[in-house]
1. With angles folded into 0 to 90 degrees, how steeply does helix 242-255 sit against the dominant principal axis of the chain? Use alpha carbons for both and round to 10.
2. Show that you can apply the helix-only estimate: for the chain, add -39,500 (n - 2.57) for every DSSP H stretch of four or more residues, divide by all residues, and state [θ] at 222 nm to the nearest 500.
3. With the Cα gyration tensor of the range 112-170 in hand, give its eigenvalues times 5 under a square root as the equivalent ellipsoid semi-axes, listed largest first in whole angstrom.
4. Straight-line reach from K193: which lysines have Cα under 23 Å away, leaving out those fewer than 8 places along the same chain?
5. Using the alpha-carbon atoms, what tilt in degrees (0 to 90, nearest 10) does helix 24-35 show relative to the longest principal axis of the chain?
6. At 1.4 Å probe size, with no ligands or nucleic acids counted, give the accessible surface of R282 in Å², nearest ten.
7. Can you run phi through the Karplus equation (6.51, -1.76, 1.60; θ = phi - 60°) for the range 348-361 and list ³J(HN,Hα) in whole Hz, with x for Gly and Pro?
8. Return the carbon/sulfur percentage of the accessible area of the chain, one whole number, probe 1.4 Å, all protein chains in place.
Amino acid sequence: MSRLIVVSNRVSPPVAQGASSQGGLAMAISAALREYSGVWFGWSGQSTPHYTGQISMHRVNGVTVATIDLEEQDIDEYYNGYANRTLWPLFHYRIDLTQYERSYGAGYERVNARFADVLAPLIEPGDVVWVQDYHLIPLARELRARGVKNAIGFFLHIPWPARELILTLPRHRQLVESLFHYDVVGFHTEEWKNAFNSYVLYEAGGMQLTDGRVRAFGRMVRPQAFPIGIDPGAFVNLKRSAAGQESYERIIESKGGRKMLLGVDRLDYSKGIDERLLAYDRLLTENHELKREIFLLQISTATRSEVEAYQDMFAKLDALSGRINGAHAEMDWIPIRNVHRVHSREELAGIYRAADVALVTPLRDGMNLVAKEFVAAQDEADPGVLVLSRFAGAAAQMKDALIVNPFSQEDVADAIKKALAMPPAERRTRWRALMDGVEKDDIVAWRDNFVAALHAARNEGAERPRPRIAAARGEG
Ligand code: GDG
């Protein structure tokens, strides 16, 4: 059986099967690698004074983990720079926050070339390579330049932006062209895939084939939607664990009979946390009778503290929640519990379970796994209600949630009111439909569908010679 080589910016070392310290995505990738006897390659997360390209390899729980260290300059320009100051905001429709610096682009290209230098010799005939996310878009082009002919797939975990937005990126053509060195390019939703195809057809002068592939830059690639999921069974185990049960009971006790609204997010401007709080403020201002009956637990954890756009976010969030609390609180009731602490996955499962309404209201999100985790953690007899932004990829699948426009405070406030008043029978019906979807499109389906598409692409490539017409590298 051919090996699977997964490449991602950071490598999360596999832990024993079923252990809970690993996130869902890392668990799925570890499991896929075990099944396909694979290698997981990426940055160690460590810096080194001088880049050596020295690879550190070890076997952990049946998976070979291969990592390299990067120089500070690489981390600044590639990771904090191009990935998180340029591509992340741009792909989340925030061109106002996007920084276009040539040094970032150069660092991004340099690190992708370094990854390829180290990775190419590890790839054996018959291996398939699966590259994860926006940090590594040019990697296939660099591997091809080093003679790698294997099937290579790419999966984008964030949205693909509208054509009009990506045109603001200097050398956008070069970035898109580099995706044509993959065999399969995966997106969470049809919407992101269609946005990519729109660029290919209307900006790059490409064409779409009847089998779904697109041709441009003298090459062909298969763009396809693979909605990512979670492991719902594992989530049920998490909520039933001792720590899960304990956090559930703590919340139930502290609710004091009130209903709890819940937000769980990495503190990121794409998640719409401030907008959510403002909608909640409006709800309280316009519905005095709800005061003392409800509260919001907002858990926001730190992320990307090196990047300026994130640095004052805690201060802003604290000021906003402080203002709302000051305006509405009473001697024995506080409307917002604003929590920055990181919880274990078990604790998180217990918290989800105890929530009456989840507010998942990103302004733009590739998928959003919190929405799926909340559903998986509910009790069938008395499930909570999911309020979900139409701009999360998850909205395409989770149609039985209360779908909202997170930019409209009135819309979100109305949905919260509806969720709070929803009769138990309707809650159960909606939850059942949501849970069926979470179970069907789970993380295993995502992984297997992608790997199958990659194997099929390899066979396609073996049957027909790969078209290699005048490489367009350096254009645009
Ligand atoms: C990117 C895309 C896409 C949060 N707080 C704690 C904690 N979390 C965990 C959640 C969830 C994860 O973080 C967040 O995942 P999301 O999917 O919501 O968002 P991103 O991190 O932005 O992920 C996104 C995803 O990639 C996968 O493709 O869905 O659209 O942006 O799993 O549970 N985990 C723990 N403690 C916390 O306090 N343990």
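The values are calculated or read from the model by the stated rules, or taken from the named source; none is laboratory data. Model, not experiment: these values are computed from the prediction. Here the Cβ is made from the backbone with ideal geometry for all residues, glycine too, and neighbour counts use every protein chain on show. These area figures cover heavy atoms from the full protein model, side chains too; ligands, DNA and RNA do not enter into them. Shrake-Rupley method; radii C 1.70, N 1.55, O 1.52, S 1.80 Å.
1. With both axes taken from Cα atoms, the answer is about 40 degrees.
2. Details: 17 runs with 193 residues, N = 476.
Taking each H run of at least 4 residues, the total per residue is -12500 deg cm²/dmol.
3. Details: eigenvalues 131, 31, 17 Å².
Square roots of five times the eigenvalues give 26, 12, 9 Å.
4. Leaving aside lysines fewer than 8 places away in the same chain, those within reach of K193 are K271, K372, K399, K440.
5. Tilt of helix 24-35: around 40 degrees.
6. About 70 Å², rounded to the nearest 10.
7. For the range 348-361, the Karplus curve yields 4, 4, x, 5, 4, 4, 7, 7, 8, 9, 9, 9, 10, 10 Hz.
8. On the way: 9690 of 19120 Å².
Ligands and nucleic acids excluded, carbon and sulfur give 51 percent.
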